[in-house]
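Beneath this line is the structure, given in structure tokens, with notes to follow.
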Amino acid sequence: MQVAGWHVEIEFDEDESRTRAAALLRLRDGTELRARTSSTRDARDPNEPRVGEEIAGARALRDLAEQLELKGRAEARNLSKQ
């Protein structure tokens, strides 16, 4: 069995009502996938940065997952043509 790993980084930038997330996924083949997302706090919600990070982070991870699936499907198609 071969052990593999990926490296994911997520950074957050926040102000009074908005949290932005920038995510980077590094794959073993050298590919880097990136996503930028945000969440906006409703004025009625408490000012809790952790919640904005969780929402923006989840959106960034979802975007990376979609990119990764598209990459995998394209590679599978290419390999099946060989």
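The values are calculated or read from the model by the stated rules, or taken from the named source; none is laboratory data. The structure presented is a predicted model; accordingly, all values stated were derived computationally and were not measured. All Cβ positions, even for glycine, are placed from backbone atoms using ideal geometry, and neighbour counts span all protein chains on display. For the accessible areas, the whole protein counts, side chains as well, though only heavy atoms, and no ligand, DNA or RNA atoms are used. Shrake-Rupley method; radii C 1.70, N 1.55, O 1.52, S 1.80 Å.
Structure values in brief
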{"read-out": "Accessible-area value, D13, 1.4 Å probe, nucleic acids and ligands omitted, Å²", "value": "80 Å²"}
{"read-out": "Degrees separating the helix 49-81 axis from the principal Cα axis of the chain, which is the longest one", "value": "20 degrees"}
{"read-out": "Helical mean residue ellipticity (222 nm; -39500 (n - 2.57) per DSSP H run of 4+; nearest 500) of the chain", "value": "-14500 deg cm²/dmol"}
{"read-out": "Sparse-neighbour loop sites [trypsin sites (Lys or Arg not before Pro); the stretch 33-82; at most 12 other C-beta within 10 Å; DSSP]", "value": "R44"}
{"read-out": "Area accessible to solvent at T40, 1.4 Å probe radius, in Å²", "value": "90 Å²"}
{"read-out": "Restricting the chain to GluC sites (Glu not before Pro) in coil, as DSSP defines it, with at most 14 other Cβ within 10 Å", "value": "E16"}
{"read-out": "The stretch 7-80: relative contact order in percent, alpha carbon pairs under 8 Å with at least 6 residues between", "value": "27 percent"}
{"read-out": "Among [x] -0.46, -0.62, -1.12; [y] -0.52, -0.65, -1.15; [z] -0.31, -0.49, -1.31, the entry that matches log10 I(q)/I(0) by the Debye sum over Cα atoms at q = 0.12, 0.15, 0.25 Å⁻¹ as calculated here", "value": "[x]"}
